[in-house]
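**Q** Quick one: the structure is below, questions incoming.
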Amino acid sequence: RPIAAVLSPLGAARICQLLLGCTIMALVSHSAGYSATYGTFCMFVWCFCFAVTLVVFTMDVTRLHSCMPISWDNFTVAFAMLATLMYITASVVYPVYFLQTDCPEEGCEVRNYRIAVTVCSSVCCFPYGAEVFLTRAKPGAVVGYMATVSGLLKVVQAFVACIIFGALANDSEYNLFIATQYCVVVYSLCFSVTVIVIILTVSGRTSALRFPFDRFVVVYTFFAVILYLSTALVWPIFSFDKKYGTATRPDDCPRGNCPWDSKLVVAVFTNVNMILYFIDLIYSQRIRFVSNSAV
């Protein structure tokens, strides 16, 4: 019922998301401001999450989501997980690049607004995290794939891959060696298949496949672990070994525009994703899949 969508814990979490999102956009537009690539990214996160949350809340209240040709529960939990990750990233990026101890040239009032933006953005991570907690799979319950640990991990894996791609694009010099180009192919392949799995699940089209979707996910996750393990070994060798690069950060390397920094980010998040895929492999073998567009 419409009243349940508003007064339920899930409805309360979404109302908090909308209120905080609206507050953040108002503060940034009024005086806090944003600029350059990092500021544009943060503003995109806040606007995108607010817009999708507003649509989700409206569709839930009016029950119009039943007319949509997608698996609504899978879509909402996947978006909540993605929004949580995006808000965490924006809450770190914005203060790093726009918040200073001393008052900026625009005055101390601007700094205060930026502090308020940082606080609101950080707080907004919790309502989105609460939605993931409320809609996740409960023991013994029959739920959509995206509500399971394995499904949520798929979203995190895709998000981490995007961070890797961002570092690769930021003058990482990956094209110097065949081995590092192989790593890029692995990142792209795993990211593409992971996104396809998410799209098939959210669209409720897994039952239309000619092979068992649950077995495909397990097999793919196993190969993803092997592939990421290889990149976790290859990338550091061709990035930090003295024969191919430098083990320590060069002194003449400017911060924010240094290939060594980008290589380090790729190395760190490669290991992060390898661990995520390994955990996913463990959980994906314990899932009872339900291939139904209504789930």
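**Q** Evaluate the following for Thr180: is it part of a helix (DSSP H, G or I) and in contact with a Gly (Cβ under 8 Å, 6 or more places away or on another chain)?
**A** no
**Q** Can you tell me which residue is farthest from the chain's Cα centre (by Cα) among those in the range 144-175 that are modelled with pLDDT of 85 or more and not hydrophobic (A, V, I, L, M, F, W, C)?
**A** If we take residues in the range 144-175 being modelled with pLDDT of 85 or more and not hydrophobic (A, V, I, L, M, F, W, C), then Asn175 is farthest from the chain's Cα centre (by Cα).
**Q** Give the residues of the range 93-111 that are part of a helix (DSSP H, G or I), loosely packed, with under 14 Cβ neighbours inside 10 Å and not acidic (Asp, Glu), sorted by residue number.
**A** Val96, Cys108
**Q** Return the only residue of Thr37, Thr58, Thr23 being modelled with pLDDT of 90 or more, under 25 Å from Leu99 (Cβ atoms), in a helix (DSSP H, G or I) and among the hydroxyl-bearing types (Ser, Thr, Tyr).
**A** Thr23
**Q** Is there a residue being within 28 Å of Met86 (Cβ to Cβ), buried (at least 20 other Cβ atoms within 10 Å of the Cβ) and at pLDDT below 90 anywhere in the range 221-240?
**A** Yes, that holds for at least one residue.
**Q** In addition: Please verify whether the range 176-197 includes one or more residues that are at pLDDT below 90, exposed (fewer than 15 other Cβ atoms within 10 Å of the Cβ) and farther than 30 Å from Met68 by Cα.
**A** Yes, the conditions are met somewhere in the range 176-197.
**Q** Further question on the same structure: Among the residues of the range 63-72, is any among the hydroxyl-bearing types (Ser, Thr, Tyr), surrounded by 14 or more Cβ atoms within 10 Å (Cβ to Cβ), touching a residue at least 24 places away in the same chain (Cβ under 8 Å) and assigned to a helix (DSSP H, G or I)?
**A** no
**Q** Within the range 14-26, identify whether any single residue is within 22 Å of Thr148 (Cα to Cα) and either surrounded by 14 or more Cβ atoms within 10 Å (Cβ to Cβ) or in contact with an Asp or Glu (Cβ under 8 Å, 6 or more places away or on another chain) (or both), and answer yes or no.
**A** Yes, the range 14-26 contains at least one residue that is within 22 Å of Thr148 (Cα to Cα) and either surrounded by 14 or more Cβ atoms within 10 Å (Cβ to Cβ) or in contact with an Asp or Glu (Cβ under 8 Å, 6 or more places away or on another chain) (or both).
**Q** Sticking with this one: Answer yes or no: is there a residue in the range 152-171 that is in the same structural domain as Thr40 (by TED's automatic domain parsing) and without any contact (Cβ under 8 Å) to a residue 12 or more places away in the chain.
**A** The answer is no, given that none of the residues of the range 152-171 is in the same structural domain as Thr40 (by TED's automatic domain parsing) and without any contact (Cβ under 8 Å) to a residue 12 or more places away in the chain.
Every residue, every condition in (1) in contact with a Cys (Cβ under 8 Å, 6 or more places away or on another chain); (2) of a type in the set (Gly, Ala, Ser); (3) outside the structural domain of Lys154 (by TED's automatic domain parsing); (4) within 28 Å of Tyr277 (Cα to Cα), yes or no:
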site	(1), (2), (3), (4)
Val219	no, no, no, yes
Phe223	no, no, no, yes
Val234	yes, no, no, yes
Ile237	no, no, no, yes
Lys243	no, no, no, no
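The values are calculated or read from the model by the stated rules, or taken from the named source; none is laboratory data. Just so it is clear, the model here is predicted, and its values are computed rather than measured. Cβ atoms come from the backbone with ideal geometry, glycine included; neighbour counts cover every protein chain shown.
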